[in-house]
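Comments concern the structure below.
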Amino acid sequence: MISVYSISALILAYLFGSIPTAVWIGQAFYGIDIREYGSGNAGATNTFRVLGKKAGIPVMLIDILKGWTATNLAYFIPISLVGHHNSIAFTNYELALGITAVMGHLFPIFAGFRGGKGIATLFGMVLAVHLQAALLCVFVFILVLLITRYVSLGSILAGFMYPIAVIFIFPVYIKSVVIYGMCMCILILVTHQKNIERLLKGKESKVNLFKKKTA
């Protein structure tokens, strides 16, 4: 049901998602616009690549928090409008709010609508909607990152693990959750097209996880 509460929540979700964490941290602490370096994206992966883990980790955590916070705005909408917190209607509201936050990250009003790829914000959304699937995605991301040192590859494979998790490992019988998982895979493919091309050509940059970034 459309109401002033749901519209306000959607606007807030978009604004949360629009916080350009990578841009602001890059400008405040390093004097650069992260979008002018590396892949040109204002996200955690490019921040890791260009500025290292001291900047990349905070950007990633805040971007995750954006998605988690936006999705949980559903709890502030009256139950009479969204239904019980375990209902299909409530889950659909969570998904709508999370997707709106991701759109805010992709097209942030606070940064000229030039954002990142939305993986960390997507994860924050998944964390709020399905904790077990989210933790499995984290495991896959960390494992791939440690083995390959490719943040992009870890993000892609972790994203693809979500629909597998909700269909086969932790079965969910709410169709919108499954459909969202499949759409998420399509979004990942679209936003990571250049990364995939570089991975296939062996030209994708790796992150240095254990050594200090040198000048």
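Every number in this text was worked out from the coordinates using simple rules, so none of it is lab data. Just so it is clear, the structure is predicted and the values come from calculations on it, not from any experiment. Counting neighbours? That spans all protein chains shown, and the Cβs are built from the backbone with ideal geometry, glycine included.
Please say if the range 80-197 is rounded, prolate or oblate, where rounded means a/c under 1.5 for a ≥ b ≥ c the square roots of the C-alpha gyration tensor eigenvalues, and otherwise the choice is prolate for a/b larger than b/c and oblate otherwise? It is oblate, given that a/c is not under 1.5 and a/b is not larger than b/c. When Ile62, Ile34 are arranged by Cβ crowding within 10 Å, least crowded first, meaning fewest neighbours, the order is Ile62, Ile34. Compactness of the range 24-124 was expressed as the Cα radius of gyration divided by 2.2 N^0.38 Å, which yields 1.23.
Taking chymotrypsin sites (Phe, Trp or Tyr not before Pro) as exposed when their DSSP state is a loop state and no more than 14 other Cβ atoms lie within 10 Å, the longest site-free interval of the chain runs over 1-112.
Could you compute the FRET efficiency for Lys54 and Asn86, with r as their C-beta to C-beta distance and R0 at 30 Å, rounded to 0.05? Efficiency at R0 = 30 Å is approximately 0.15. Over 27 Å apart at the Cα level, from the set Lys53/Lys175; Lys117/Lys201; Lys66/Lys194; Lys66/Lys203; Lys54/Lys117; Lys175/Lys206, are Lys53/Lys175; Lys66/Lys203; Lys175/Lys206. The Kirkwood radius of the range 4-201, taken over pairs of alpha-carbon atoms, gives through the Stokes-Einstein law at 37 °C and 0.692 mPa s a diffusion coefficient of 195 µm² s⁻¹.
Exposed loop positions in the chain were taken to be trypsin sites (Lys or Arg not before Pro) whose DSSP state is not H, G, I, E or B and which have at most 15 other beta-carbon atoms within 10 angstrom. Between these positions, the longest stretch is 1-113.
Taking Cα atoms only, the orientation of helix 88-106 departs from the longest principal axis of the chain by about 30 degrees.
Please report Val82, Val144, Val59 as a ranked list, fewest other C-beta atoms within 10 angstrom at the top and most at the bottom.
Val144, Val82, Val59
Just to confirm my numbers, what's the Cα centroid distance between the range 126-162 and the range 11-37 in Å? So the two Cα centres are separated by 23 Å.
At 222 nm, what value in deg cm²/dmol follows for the chain if DSSP H runs of at least 4 each add -39500 (n - 2.57) and the sum is divided by all its residues, to the nearest 500?
Mean residue ellipticity, 222 nm, calculated: -21500 deg cm²/dmol.
With each pseudo-label sitting 7 Å past Cα toward Cβ, what's the Tyr173-Leu61 distance in nm, one decimal? Each label point is offset 7 Å from its Cα along the Cβ direction, giving 3.9 nm. Please state the shape class of the range 1-49: rounded when a/c is under 1.5, otherwise prolate if a/b exceeds b/c and oblate if not, all from the C-alpha gyration tensor. Note, shape of the range 1-49 comes out prolate. In terms of other Cβ atoms within 10 Å, Cys137, Cys185 run from fewest to most in the order Cys185, Cys137.
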